[in-house]
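Q: Have a look at this one before I ask anything.
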Amino acid sequence: MEASATPANWLEINRANWDARVPVHLTGEVYDIPAFVAGEQTLRDHEPGEVGDVRGKSLLHLQCHIGLDTLSWARRGATVTGLDFSRPALDAAASVAAQIGAASARFVRANVYDGADVLAGQSFDIVYTSIGSLQFLPDLEGWARVVAALLAPGGICYVAETHPLLGFLDFDCRSLRGGYFNRQVIVKDEGTYGNPGAELESPVSYQWIHHIAEVVSVLGGAGLRVEFVHEHDWIWFPIFPVLVRQDDGRWRFPDGHPTLPLQYSLRARKDSAT
């Protein structure tokens, strides 16, 4: 269902939705907490190489959820800060951090648009956004301004996201739906990718489709220089039933099926003289 304007209560609705996802994600297979505590990491294979060596660097993870990606960067040597608006998610992240001995990791409660105020006076070498985040934000220009404000001179913004084209595919991945240039809010009433069969206490969320061109434009408008955009033909979980898990653990379209990019990654840098 679509509406023409951003609802006034979008933040409260989305926060309740993500609060409700936390207990489902803590016990589901997508977020395998015991395996993570035992040493596994959750970053997609291309991310460490595209971000570069993070040892000794400060990293801010916006919309960090339960913090597994955040703590994966900590394991690689970064000093990490996770920011999220969900208190249950941050409590879970702090619990996992304690279990793996990530004593320097910290988690801050705030919505993204308040990030520059909550973290006033602080700057980071890396501002990181991971898969499934941007679609829950109505104002991408506001997001980019926060990113730019929190980046240290010479620092990078790194985005790893699902590809916006997925928002126009039906589950058979052969039929298209909706309009590519539609910018209206999408109201969803559904479960969660963490366990599609689980019922959520607050299943409604407000979402928006942000095209790659928009992400590039707002980061450039905020004074950052985009260094690359890469599209990838795989994803880390079976977002569509037709996808097949390959020997490398990645989910791709099967042989003979029409293909589209499933995710993208982007890196932008703040001028060192800024």
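Q: Determine, yes or no, whether residue 71 is surrounded by 20 or more Cβ atoms within 10 Å (Cβ to Cβ) and in a helix (DSSP H, G or I). Break it down stepwise before answering.
A: Numbers: surrounded by 20 or more Cβ atoms within 10 Å (Cβ to Cβ): yes; in a helix (DSSP H, G or I): yes.
The answer is yes for residue 71.
Q: When both residues are 6+ apart or on different chains and their Cβ atoms are under 7 Å apart, which pairs have a first residue that lies in the range 118-139 and is among the acidic types (Asp, Glu), and a second that is crowded, with 19+ Cβ neighbours inside 10 Å and in a strand (DSSP E or B)?
A: 125/59; 125/155
Q: Does any residue in the range 12-40 that is under 12 Å from residue 200 (Cα atoms) and at pLDDT 95 or above come within less than 8 Å, Cβ to Cβ, of a residue that is in a helix (DSSP H, G or I) and of a type in the set (Lys, Arg) six or more places away or on a different chain, and which pairs are these?
A: 19/87
Q: Taking interchain pairs and intrachain pairs at least six residues apart, which have beta carbon atoms under 8 angstrom, with the first residue in the range 97-114 and farther than 23 Å from residue 136 by Cα and the second assigned to a loop (DSSP other than H, G, I, E, B) and not hydrophobic (A, V, I, L, M, F, W, C)?
A: Filtered contacts from the range 97-114: 97/67; 105/67.
Q: OK, next. Looking at the range 79-91, is at least one residue more than 19 Å from the chain's Cα centre (by Cα), modelled with pLDDT of 95 or more, surrounded by fewer than 20 Cβ atoms within 10 Å (Cβ to Cβ) and assigned to a helix (DSSP H, G or I)?
A: no
Q: How many residues are buried (at least 17 other Cβ atoms within 10 Å of the Cβ) and either touching a Cys at 6+ places or on another chain (Cβ under 6 Å) or at pLDDT below 95 (or both) if we restrict to the range 264-274?
A: Residues in the range 264-274 being buried (at least 17 other Cβ atoms within 10 Å of the Cβ) and either touching a Cys at 6+ places or on another chain (Cβ under 6 Å) or at pLDDT below 95 (or both): 1 in total.
Q: Oh, and also: Could you list, in sequence order, all residues of the range 173-187 that are without any contact (Cβ under 8 Å) to a residue 40 or more places away in the chain and surrounded by 13 or more Cβ atoms within 10 Å (Cβ to Cβ)? Before the answer, list the steps.
A: Kept after step one, since they are without any contact (Cβ under 8 Å) to a residue 40 or more places away in the chain, are these residues of the range 173-187: 175-181, 183.
Listed by number, the list holds a single entry, 178.
Q: Residues that are among the charged types (D, E, K, R) and out of contact with any His (no Cβ under 6 Å at 6 or more places or on another chain): which strands (runs of 3 or more DSSP E) entirely in the range 161-274 hold 2 or more of them?
A: Values: elements: 185-189, 204-207, 224-232, 263-270.
Fully inside the range 161-274 and qualifying: 185-189, 224-232, 263-270.
Q: Which condition number in (1) more than 18 Å from the chain's Cα centre (by Cα); (2) surrounded by 19 or more Cβ atoms within 10 Å (Cβ to Cβ) is the one that residue 219 fails?
A: Every condition holds for residue 219 apart from (1).
Q: What are the residues in the range 8-28 that are surrounded by fewer than 18 Cβ atoms within 10 Å (Cβ to Cβ) and under 13 Å from residue 90 (Cα atoms), if any?
A: Within the range 8-28, 19, 23, 26 qualify.
Q: Looking at 165, 176, 150, which one is aliphatic (A, V, I, L, M) and at pLDDT 95 or above? Full working, then the answer.
A: Working: 165 fails: at pLDDT 95 or above; 176 fails: at pLDDT 95 or above.
Result of the check over 165, 176, 150: 150.
The values are calculated or read from the model by the stated rules, or taken from the named source; none is laboratory data. Note that the structure is a prediction, hence the values are computed from the model and not measured. Positions of Cβ are generated from backbone atoms using ideal geometry, with glycine treated the same way; all protein chains shown enter the neighbour counts.
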